[in-house]
Amino acid sequence: MWFRNLQLFRLLEPDALAVEAIEEQLARSPLQPCSSSLPSSLGWIPPCADGALVHAVNRQWLLALGIEQKLLPASVVKQHVKDRAQLIEEKEGRRVGRRELRDLQEAVTQELLPRAFVRKRTTYCWIDPVHGWLVIDAAAPAKADEAIELLHKSVDKLSISPLKVMQSPSSAMTGWIADGAAPAGFSIDQDMELRSAENAVVRYAKHPLDGEEIPGHIAAGKVVTRLGMTWGDKISFVLDDKLQLKRLGFLDILKESTDGQAENEEERFDLDFALMTGELAHLLDDLTAALGGEQPAAA
């Protein structure tokens, strides 16, 4: 149980949440199999083998959003519509108009959906009522939005806000690179992206970031929009200008700390989840501090 990407939200009223109530409320919106006429379906599924919709370990809660989606390539629909339109033109001696083409597209889509393959994926959500975090393991904000939308529909008294910090990540990362010094508790790795106001982009991948040309890029007005970092010699990640953490890597020294402690897969899952959430809570605190702390709540 190791997250790969972090979309960060703050719980505004963590004390209002109770695991038993959330379990009961999630049960009202379980994942239903994607029916023949629907292109997609989503709902809550058990995140692990115990069957509970909220898996709780050391006051840390894990949820799982299940998504089923029909795979119906647009090119296949387009070809079927084109063939049918051509047949109408040949039989009736007239041109098919735009409105009729839209109707044909809808009809073809409904006919092909029952035969489409179904792709399944899972988005995990970590709720930390102790430190006030809601963290979603999603590489793209759109996937996090799916979980947020259903959470709002499912869970009463859920009040959240995206994490807001005093210093923009791009400004902070540019300063760290310009000064040649990482914030306390972090080190800078070998991946970076710089971008200008005109959207010119320079990328470094697995490349030392001490080259003479980098200050020149910054002097020319480029700012850092992605930066590879490591926290506490335990967790590597890429921070971007939207305050998203991507490509998380939990280093061996961290994973090895629980080796031999679990007697079965269920215990291993819980140990990994407890270790991950404990370390991530510290990382997020340190990262927030490195970005100037949180913005004060609006009055």
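The values are calculated or read from the model by the stated rules, or taken from the named source; none is laboratory data. Quick caveat, the model's predicted, so the values are computed rather than measured. Ideal geometry is used to build each Cβ from the backbone, glycine not excepted, and the neighbour counts take in all protein chains shown.
What to note about this one:
- Selection within region 117-127 - crowded, with 16+ Cβ neighbours inside 10 Å and aliphatic (A, V, I, L, M): Ile127
- Of all the criteria given as (1) of a type in the set (S, T, N, Q); (2) at pLDDT 95 or above; (3) farther than 30 Å from Ala197 by Cβ, the one not satisfied by Gln244 is (3).
- Counted as qualifying within region 128-234 are the helices (runs of 4 or more DSSP H) with 3 or more residues that are surrounded by fewer than 20 Cβ atoms within 10 Å (Cβ to Cβ) and assigned by TED's automatic domain parsing to the domain that holds Leu280, namely 169-179, 213-219.
- Looking at Asp191, Asp145, just one residue is of a type in the set (D, E, K, R), more than 16 Å from the chain's Cα centre (by Cα) and on the phi < 0 side of the Ramachandran plot, and that residue is Asp191.
- Considered as a group, the residues in region 38-47 that are in contact (Cβ under 8 Å) with a residue 40 or more places away in the chain and more than 15 Å from Ala27 (Cα to Cα) include one that is surrounded by the most Cβ atoms within 10 Å (Cβ to Cβ), and that residue is Pro39.
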